[in-house]
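Below is one structure, written out as structure tokens; comments come after it.
The values are calculated or read from the model by the stated rules, or taken from the named source; none is laboratory data. Everything numeric here is computed off the predicted structure, so don't read it as measured data. All Cβ positions, even for glycine, are placed from backbone atoms using ideal geometry, and neighbour counts span all protein chains on display. In case anyone asks, the SASA skips ligands and DNA or RNA and just uses the protein heavy atoms, side chains included. Shrake-Rupley method; radii C 1.70, N 1.55, O 1.52, S 1.80 Å.
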Amino acid sequence: MSVAFTKEGDSEAFAADLLDRPISTHPNLVTPRGLAQLEEGLAAARAAYSAAQAVGDVAQDRTAMARATRDLRYYSARRASAQLRELDPTLDVLQFGGAVTFDRQDGRRQTFRIVGEDEADPAQGSVSYVSPVARAMLGKAAGDTAMVAGGEVEIVEITAG
């Protein structure tokens, strides 16, 4: 048996054993935008699965089928467990789906929207409701302070996000 043949077999075995995407143990809270993103992810996973099946020669591209199957399981589970949360407009404190602007002691001003785990993207200004930043600020109002990353921050503004 050649080494090249052995590696190909190992690669196929790896594709068949592709690990599932981890699913959080926290409640799957979602904003309306987060719910739409889950539905888009589920539709894309269904399309990828159908495309992988349509190829007909699953042995030829086991990785694509394994990835499509894994993503389909993930998005199906996340969509099924999604709990839509909308902002309560009568509250003037930071709540799930809202945005907070705060000043750090070093003079930096940051704004984050508090969202579900699948929707979170700190580079785009959104953090998960289970993140330390969100946990420190949820329920607080403009003018309040919170401890974030070992330093005190002052909340400047709370918006609907």
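Here are the numbers:
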item: Placed amide H near Val148: partners under 5 Å, 5+ positions off or other chain; result: Val153
item: DSSP-defined antiparallel bridges as percent of all bridges, the chain, nearest 5; result: 75 percent
item: Where Rh is the Kirkwood radius over Cα pairs, Rg/Rh for the range 99-161; result: 0.93
item: Two-site label geometry, Leu87 and Arg108: point separation in nm, points 7 Å out along Cα→Cβ; result: 2.4 nm
item: Contour excess over end-to-end distance, with Cα ends at Asp20 and Ala36 and 0.36 nm allotted per residue; result: 3.5 nm
item: Cα-centred dipole magnitude for the range 43-161, charges only on beta-carbon of K, R (+1) and D, E (-1), debye, nearest 20; result: 540 debye
item: Principal-axis tilt of helix 3-16 within the chain, Cα atoms, nearest 10 degrees; result: 50 degrees
item: Two-site FRET efficiency, Asp61 against Ala160, from Cβ-Cβ distance with R₀ of 45 Å, rounded to 0.05; result: 0.50
item: Å² per residue, accessible surface of the range 73-161 at 1.4 Å; result: 54 Å²
item: Highest to lowest packing among 75-86, 143-154, 107-118, scored as the average C-beta count within 10 Å; result: 107-118, 75-86, 143-154
item: Helix-only mean residue ellipticity at 222 nm for the chain, each DSSP H run of n ≥ 4 adding -39500 (n - 2.57), per residue, nearest 500; result: -13000 deg cm²/dmol
item: Mean Cβ count within 10 Å, highest first, over the residues of peptides 18-26, 46-54; result: 46-54, 18-26
item: Counting all C-alpha pairs of the chain, share separated by more than 27 Å (%); result: 43 percent
item: Derived scalar couplings ³J(HN,Hα) [the range 126-141; Karplus, 6.51 cos²θ - 1.76 cosθ + 1.60; whole Hz; x for Gly, Pro]; result: 10, 10, 5, 5, 9, 5, x, 4, 5, 4, 6, 10, 4, x, 9, 10
